[in-house]
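Q: After the C-alpha cells below, expect a handful of questions from me.
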Amino acid sequence: MVLDDAITGVTSNPSIFAAAIMGSTDYDESIKELAARGASTVEIYTALVTTDIKAACDATRQVYNRSDGVDGYVSVEVSPDIAHDTEATVAEAREWVERIDRPNLLIKVPATPAGVPAIRRLIAEGISVNVTLIFALDRYREVMEAYLSGLEGFLNDNPNASRIASVASFFVSRVDTEVDKRLEAIGSGALALRGKAAIANARAAYGAFLETFAGDRWNALASSGARLQRPLWASTSTKNPAYSDVMYVEDLVADDTVNTIPLATIEAYQDHGDPDPNTFTTADIEDAVETLAKLGSVGIDYDDVVQVLEDEGVAKFANAYHELLDSIEKKRETLVG
C-alpha cells in the first residue's frame, strides 16, 4: 500500500492487534515457538507486537527518508492498564523505544489527565509521541501545551529539535455516535443537528491548532528545528449507515493534518471518494464553533459527552488488551499442550 496507494504511515492499538491475532492463524507458529521456550503470555504479546511494529517501520522507512522525517511513522501504544499512571507510562514508552529501535516510531499515549504530563516529559527526552484518545477541545489545548513545553525542555540541553515528531489524535466518529443518541432522546428540533457534532468538533480543534502554532513562542521553537504537532483524525470509519461512508475523510481535509483510515474506508474512498476534495476554510471553522454552541442550546452537555467518550475509549482498549492476552494464553495451551 505504501508503493501503490500512497499510504504514508501505520497506527496500532490493542483493539487492532486483538483483531489481527485472534482473528487469524498468522501468529500461531510464533506463539508456539515462544511458548515452547517458556515465554509468559505478556512476553509473547510483546514479542508479537515488536516484530510487527519493526516490520511496519521498515516498510514505511522509505517514506520517512523521502519526506525528511515528516511522514512514514508507525505508532505503538503503551498498555491501556496504565492510562492513569504518569510514571508507568513514561517508563513503558522508554521500553518501547529501546525495543523497536527505529527513528520512525511514535509512542501512543492517551490524553488522560495522567497522560498529559507524560507527554511533556517524553517530548523533553526527545521521544516522539502520538497523543491518542482526544475528544475534548480543552484537553487538546493541554496536549498542545505539553508538546510546546516539552520541546522547550528538550532545547534546554539540545541545539536542534528536528527529529522529534508528534501528532495529536482527535477521535471523530465516536462523537457523532454519542451525540446523535442524545439528540434522538431530546427529539423535535434537535434532530436537525444529527451527524454534525463530530466534524464540527474536529474543525474547531483545527482552529485551536492554528492559534497555538503561530506567534513568537512557536516561531522561536521552529527556528530550532521544531516540527508542528499535526492534528490527526482518528476513528474515521462511519458508524451510521445513513451517513456517507467517506464523510470523515472528505470533510476533514486541511493542511498539516493526518487521517488514519481503516482498510474498508480506504477501499470506499478509492471507489467513490472525491479525488480532489476541498480543504475546509476559516469560515467553516467559525461555522463549526457555532454548531457546537447550537448543540449546547438544545441540551447537549459537551463536557459530559467528551468525558464519557474518554472513559469509554480507555475501557475499550483495556478490554481488548485483556481479551487478547486471554486469547494468546488459550492458543498457547492449545498449540503447546
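Q: Being touching a Pro at 6+ places or on another chain (Cβ under 9 Å) and at pLDDT 95 or above is true for just one of Phe213, Phe209. Which residue is that?
A: Criteria check complete, one pass: Phe209.
Yes/no matrix, rows are residues, columns are (1) at pLDDT below 95; (2) crowded, with 24+ Cβ neighbours inside 10 Å; (3) of a type in the set (A, V, I, L, M, F, W, C):
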{"position": "Ala111", "(1), (2), (3)": "no, yes, yes"}
{"position": "Ala114", "(1), (2), (3)": "no, no, yes"}
{"position": "Ala118", "(1), (2), (3)": "no, yes, yes"}
{"position": "Gly126", "(1), (2), (3)": "no, no, no"}
{"position": "Leu137", "(1), (2), (3)": "no, no, yes"}
{"position": "Glu142", "(1), (2), (3)": "no, no, no"}
{"position": "Glu152", "(1), (2), (3)": "no, no, no"}
{"position": "Ala168", "(1), (2), (3)": "no, yes, yes"}
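Q: Would you confirm whether any residue within segment 226-235 is closer than 15 Å to Ala168 by Cβ, crowded, with 19+ Cβ neighbours inside 10 Å and polar (S, T, N, Q)?
A: Yes, segment 226-235 contains at least one residue that is closer than 15 Å to Ala168 by Cβ, crowded, with 19+ Cβ neighbours inside 10 Å and polar (S, T, N, Q).
Q: Hey, does segment 254-274 have a residue that's touching a residue at least 60 places away in the same chain (Cβ under 8 Å), of a type in the set (A, V, I, L, M, F, W, C) and more than 24 Å from Ser67 (Cβ to Cβ)?
A: Quick first cut of segment 254-274, residues touching a residue at least 60 places away in the same chain (Cβ under 8 Å) only: 258, 260, 266, 270.
From what is left, the residues that are of a type in the set (A, V, I, L, M, F, W, C) are 258, 266.
Subset that is more than 24 Å from Ser67 (Cβ to Cβ): none.
Taking every residue of segment 254-274 in turn, none turns out to be touching a residue at least 60 places away in the same chain (Cβ under 8 Å), of a type in the set (A, V, I, L, M, F, W, C) and more than 24 Å from Ser67 (Cβ to Cβ).
Q: Let me ask something else. Got a sec? Which of Lys32, Lys54, Lys108 is within 17 Å of the chain's Cα centre (by Cα) and either among the basic types (Lys, Arg) or in a helix (DSSP H, G or I) (or both)? I'd like the intermediate steps shown before the answer.
A: On the way: Lys32 fails: within 17 Å of the chain's Cα centre (by Cα); Lys54 fails: within 17 Å of the chain's Cα centre (by Cα).
The unique qualifying residue is Lys108.
Q: Sticking with this one: Would you mind telling me which numbered condition in (1) under 17 Å from Arg99 (Cα atoms); (2) of a type in the set (A, V, I, L, M, F, W, C); (3) under 19 Å from the mean Cα position of the chain (by Cα); (4) surrounded by fewer than 15 Cβ atoms within 10 Å (Cβ to Cβ) Ala19 fails?
A: Tallying (1) under 17 Å from Arg99 (Cα atoms); (2) of a type in the set (A, V, I, L, M, F, W, C); (3) under 19 Å from the mean Cα position of the chain (by Cα); (4) surrounded by fewer than 15 Cβ atoms within 10 Å (Cβ to Cβ), Ala19 fails exactly one: (1).
Q: Same structure again: Kindly provide the set of residues from segment 313-337 that are among the hydroxyl-bearing types (Ser, Thr, Tyr) and in contact (Cβ under 8 Å) with a residue 12 or more places away in the chain, ordered by number. Steps first, please.
A: Residues of segment 313-337 among the hydroxyl-bearing types (Ser, Thr, Tyr): 321, 327, 334.
Across segment 313-337, the qualifying residues are Tyr321, Ser327.
Q: Related question: Of everything in segment 156-207, what is farther than 30 Å from Leu106 by Cβ, touching a residue at least 12 places away in the same chain (Cβ under 8 Å) and in a helix (DSSP H, G or I)? Give them in sequence order.
A: Keep residues of segment 156-207 that are farther than 30 Å from Leu106 by Cβ, which gives 180-196.
Then keep just the ones that are touching a residue at least 12 places away in the same chain (Cβ under 8 Å); that gives 180, 182-183, 186, 189-190, 193-196.
If the condition is that a residue be farther than 30 Å from Leu106 by Cβ, touching a residue at least 12 places away in the same chain (Cβ under 8 Å) and in a helix (DSSP H, G or I), then Asp180, Arg182, Leu183, Ile186, Gly189, Ala190, Leu193 are the ones that fit.
Q: Further, regarding this structure: Would you pick out the residues in segment 208-231 that are farther than 25 Å from Ala293 by Cβ, in contact (Cβ under 8 Å) with a residue 40 or more places away in the chain and within 20 Å of the chain's Cα centre (by Cα)? Let's see the steps before the verdict.
A: Applying the first criterion (farther than 25 Å from Ala293 by Cβ) to segment 208-231 yields 215-230.
From what's left, in contact (Cβ under 8 Å) with a residue 40 or more places away in the chain: 217-218, 221, 224-227, 229-230.
Answer for segment 208-231, where residues must be farther than 25 Å from Ala293 by Cβ, in contact (Cβ under 8 Å) with a residue 40 or more places away in the chain and within 20 Å of the chain's Cα centre (by Cα): Arg227, Gln229, Arg230.
Q: Something else: Among Asp28, Asp58, Asp71, which is the only one that is surrounded by fewer than 20 Cβ atoms within 10 Å (Cβ to Cβ), under 26 Å from Asn130 (Cα atoms) and in contact with a Lys or Arg (Cβ under 8 Å, 6 or more places away or on another chain)? Give the steps one after another, and end with the answer.
A: Values: Asp28 fails: under 26 Å from Asn130 (Cα atoms); Asp71 fails: in contact with a Lys or Arg (Cβ under 8 Å, 6 or more places away or on another chain).
Unique residue meeting the criteria: Asp58.
Q: Of all residues in segment 53-100, which are in contact with a strand residue (DSSP E or B) (Cβ under 6 Å, 6 or more places away or on another chain), in contact (Cβ under 8 Å) with a residue 60 or more places away in the chain and over 19 Å from Leu325 (Cα atoms)?
A: Tyr73, Val74, Ser75
Q: Quick one: is Glu310 of a type in the set (D, E, K, R) and in contact (Cβ under 8 Å) with a residue 24 or more places away in the chain?
A: Numbers: of a type in the set (D, E, K, R): yes; in contact (Cβ under 8 Å) with a residue 24 or more places away in the chain: yes.
Considered against the rule, which asks whether it is of a type in the set (D, E, K, R) and in contact (Cβ under 8 Å) with a residue 24 or more places away in the chain, Glu310 comes out as yes.
Q: Do we find that Ala268 is under 17 Å from Asp4 (Cα atoms) and either in contact with a strand residue (DSSP E or B) (Cβ under 9 Å, 6 or more places away or on another chain) or at pLDDT 95 or above (or both) in this structure?
A: Values: under 17 Å from Asp4 (Cα atoms): yes; either in contact with a strand residue (DSSP E or B) (Cβ under 9 Å, 6 or more places away or on another chain) or at pLDDT 95 or above (or both): yes.
In short, yes.
Q: Select from segment 236-253 the residues that are polar (S, T, N, Q) and more than 17 Å from Phe280 (Cα to Cα) and write down the one among them that is surrounded by the most Cβ atoms within 10 Å (Cβ to Cβ).
A: Thr238
Q: Kindly provide the set of residues from segment 204-221 that are over 26 Å from Tyr302 (Cβ atoms) and surrounded by 15 or more Cβ atoms within 10 Å (Cβ to Cβ), ordered by number.
A: Of the residues in segment 204-221, the ones over 26 Å from Tyr302 (Cβ atoms) are 215-221.
Across segment 204-221, the qualifying residues are Trp218, Leu221.
Q: Residue by residue through segment 74-105, note down the ones that are aliphatic (A, V, I, L, M) and either part of a helix (DSSP H, G or I) or surrounded by fewer than 20 Cβ atoms within 10 Å (Cβ to Cβ) (or both).
A: Taking segment 74-105 and keeping what is aliphatic (A, V, I, L, M), we get 74, 76, 78, 82-83, 88, 90-91, 93, 97, 100, 105.
Correct list: Ile82, Ala88, Val90, Ala91, Ala93, Val97, Ile100.
The values are calculated or read from the model by the stated rules, or taken from the named source; none is laboratory data. If you're wondering where the values come from, they're calculated on a predicted model, not measured in any experiment. For neighbour counting, all protein chains shown are included, and Cβ atoms are generated from backbone atoms with ideal geometry for every residue, glycine included.
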